Every structure is written in C-alpha cells, then in structure tokens.
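Here's the structure we're looking at; comments come further down.
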Amino acid sequence: MKKLSFTIATVLLLTGCGSLQEAYYIDREFGQHSQAAWDQQVAYPDYRYASKTPETLEGITSEEVMKVYNETFAEKPEKVNIINFGLEE
C-alpha cells in the first residue's frame with residue numbers, strides 16, 4: 001500500500017514538471033503581452049499621431065491660453081458651508 005501511494009505521489013509530481021516547457025514560453029513573452037494589454041487600455045496613444053503636425057492654435061495664442069489655464073489652479077479654493085443653520089464656527 002505504501003508503494004502504491006508513493007508511486008501515485010511521484011507520478012503526480014512529475015506530471016506537474018511536464019508543463020515547464022510551456023511555462024518557459026509564457027514567461028518569455030510576458031513583457032510583450034503586458035505591453036500589448038497596456039496599449040489596448042490607452043484611449044489615444046501618442047505614437048498614433050507622432051508623424052502628424054497638429055493643426056490648432058498658433059504658438060503665441062496657445063501660450064496665452066495655457067497661462068490662463070495654469071493660473072486658475074493657483075487660486076486657493078474657498079471653504080464653503082453647504083448646510084448652514086446660522087451657526088458660525
């Protein structure tokens with residue numbers, strides 16, 4: 001009975017080692033597959049438009065727009081009480 005149990009355990013362990021060759025190829029291509037999955041999650045990847053020249057605002061105009069945009073984030077938000085029962089802090 002002990003020999004049978006030992007034989008079954010040995011066969012089960014060795015069958016697990018038989019799939020190592022497949023795991024080698026999966027591990028080898030993991031970086032490629034993870035990069036492909038990342039690219040599928042990005043809505044507008046940059047390399048799609050790398051060779052195209054943007055047709056938008058000219059440089060001088062866009063600098064002024066970006067200056068106004070960046071200045072809006074420089075203002076500190078005010079503390080607002082949404083529910084006010086006439087009590088002050």
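Each reported figure results from applying straightforward, stated rules to the coordinates on display, with no laboratory input. Values in this document were obtained by computation on a predicted structure and should not be read as measured data. With ideal geometry, Cβ positions are generated from the backbone for all residues, glycine too; neighbour counts draw on all protein chains shown.
What to note about this one:
- SER5-GLU58 pseudo-label distance in nm [points 7 Å out on the Cα-to-Cβ vector]: 8.9 nm
- Multiplying the residue separation of TYR44 and ASN70 by 0.36 nm and removing their Cα-Cα distance gives an extension gain of 7.0 nm.
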